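The values are calculated or read from the model by the stated rules, or taken from the named source; none is laboratory data. It should be emphasised that the depicted structure is a prediction, and the values quoted were computed from it without experimental measurement. Cβ sites come from the backbone with ideal geometry, for glycine too, and all protein chains shown count toward neighbours.
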Amino acid sequence: MLEQCRKEVLDKDDVFHTDFLRCIVLGGVCSDNVHLEPDVISLFERWNTLKVVLYKHDLGIATGPYCLVKGNYYSVFKAYPDTQLAFVQALWPSLHKDGRFVEVNAAGSPYRAHKIAVPARSYFTSSKDTTKLLKGLRVAVKDNYHVSGTCTTLGNRAYFETYPIEQNNADTISLLLAAGATIVGKTHLSSFAMMEHPTQSVDYQAPFNPRGDGYLITGGSSGGSAAAVAAYHWIDLSICSDTTGSARIPALQTGIFGFRPSTGSISDEGLVKAWAELDTPGWHGRGLDIFPDVFRALHPSGEQDNKASIDEGELVILYPTDFMPEDNVEQLRAMENFLDDVCKATGCSYRIISIESDWRETAPVDEKDLHQYLYNLMRHGWYYAAYHSFGKFRARYHELHGHPPFVTEVVRKYWYAY
């Protein structure tokens, strides 16, 4: 039983170290007369166990490594260096009952990085609680979400210095914690969630992309989120946001999965928004297997209201030619073969369409060129939203300091393009 526990729980825990086996504590031992069989003694010898402590009562803690000091048991964390500079803050829960987080002050590698502390996985794998969808999941959070006990940087030093420590969690954070996830830190983002390249990131150095030669861009604005998931096996999920690609572009750049749910399907309360009409929580992961549970946890009202209402009748797949690689015949043939197979398997059909042609014939505005219309829409929409979303911040900073806040050239372009 002891060997099985070690194999199935402890040895799968990256925080566990064999030195913890020097003292083994067993709870719920009912008898006063305990005799260790020779095979158990032999096992302890192989493990270099020096001391075995027996308690009659149940200790009320999960199986795993602990620090025992004067009869008190303390959970242990392992501190990993943030070599990719993906994080701006390392966090762990405080001892206060209000559930606030505090910053971890642990020096990292010789290259400036701090360390991120993660709890033992065995605390969760050995737990009998089956109600938590995200039990033990280690989660990084983009630093445009409010986390209780921390200041939100938004990738800008002036913003960080303007607002006090947050007293409440964003809704997304509260739902993650309620589902059993563990928040381990806040990740870098392009300032004010606007797309910046590494050389344009001034107040907080841009993260390194672990792919290629290590100097590829991560994309933005959720570059730190993507870098953390791509580089670190000890991170399971990273919560980010997406306006016009802030989750999807970094996922593409770093070779991971990025997901943007439908706008409005997940609460954005406590997310600092750059374009409220398009901003939505999103996330990064190395695999898709946990994504359904993440969505269920963040959308607790249920799944049925998110399923499209499909009337009875023939289903038709729309096949837009606007995004097809016309110069790649093999890819086009493969896509059409795939559609043929889907239609045979489901009994539906597909129809070739052109969004651009349909727009030219039915556009409700004077501009008939779809590309030009979308360019104007996004350009004017982004600039307008970016400027007005942070009007209160600019006014507050000027009131406190008597001059405008420093922002990068990218943000200046968004704010003062007109």
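A few points about this structure:
- Cross-chain or 6+ apart pairs with Cβ under 6 Å, region 357-378 first and under 20 Å from Tyr319 (Cβ atoms), then aromatic (Phe, Trp, Tyr) and at pLDDT 95 or above: Leu370/Trp359
- For region 318-335, the criterion of a residue being surrounded by 13 or more Cβ atoms within 10 Å (Cβ to Cβ), over 30 Å from His233 (Cα atoms), at pLDDT 95 or above and of a type outside the set (S, T, N, Q) is satisfied by no position.
- When region 163-203 is limited to residues that are surrounded by fewer than 19 Cβ atoms within 10 Å (Cβ to Cβ) and of a type in the set (S, T, N, Q), the one that is nearest to Ala79 (Cα to Cα) turns out to be Ser174.
- Test for Gly255: is it more than 30 Å from Gly391 (Cβ to Cβ), in the same structural domain as Gly99 (by the TED database) and more than 12 Å from the chain's Cα centre (by Cα): yes
- Residue check, Pro250 in a loop (DSSP other than H, G, I, E, B) and within 26 Å of Ala117 (Cβ to Cβ): no
- Within region 110-124, residues that are farther than 18 Å from Pro65 by Cα sit with their Cβ atoms under 6 Å from residues that are polar (S, T, N, Q), at 6+ positions apart or across chains, in these pairs: Ala113/Thr83.
- Restricting attention to region 18-38, the residues that are surrounded by 10 or more Cβ atoms within 10 Å (Cβ to Cβ), free of Cβ contacts under 8 Å to residues at least 40 places away in the same chain and not basic (Lys, Arg) total 9.
- Residues of region 141-162 satisfying the condition of being closer than 15 Å to Trp92 by Cβ, in contact with an Asp or Glu (Cβ under 9 Å, 6 or more places away or on another chain), crowded, with 21+ Cβ neighbours inside 10 Å and not polar (S, T, N, Q): Val147
- Among the residues making up region 232-269, those that are among the charged types (D, E, K, R), surrounded by fewer than 24 Cβ atoms within 10 Å (Cβ to Cβ) and in contact (Cβ under 8 Å) with a residue 40 or more places away in the chain are Asp236, Asp268, Glu269.
- Residue match in region 275-294 (condition: over 14 Å from Ala179 (Cα atoms), surrounded by 15 or more Cβ atoms within 10 Å (Cβ to Cβ) and polar (S, T, N, Q)): yes
- Within region 207-231, restricting attention to residues that are buried (at least 24 other Cβ atoms within 10 Å of the Cβ) and either without any contact (Cβ under 8 Å) to a residue 24 or more places away in the chain or outside any helix (DSSP H, G or I) (or both), the residue that is nearest to the chain's Cα centre (by Cα) is Ser222.
- In region 108-119 there is at least one residue matching the filter, namely being out of contact with any Leu (no Cβ under 9 Å at 6 or more places or on another chain), modelled with pLDDT under 90, of a type in the set (Gly, Ala, Ser) and over 27 Å from Cys5 (Cβ atoms).
- Inspection of region 343-366 identifies at least one residue that is charged (D, E, K, R), surrounded by 13 or more Cβ atoms within 10 Å (Cβ to Cβ) and either more than 30 Å from Val272 (Cα to Cα) or not assigned by the TED database to the domain that holds Thr243 (or both).
- Inspection of region 74-92 identifies no residue that is touching a helix residue (DSSP H, G or I) at 6+ places or on another chain (Cβ under 6 Å), under 19 Å from Gly27 (Cα atoms) and small (Gly, Ala, Ser).
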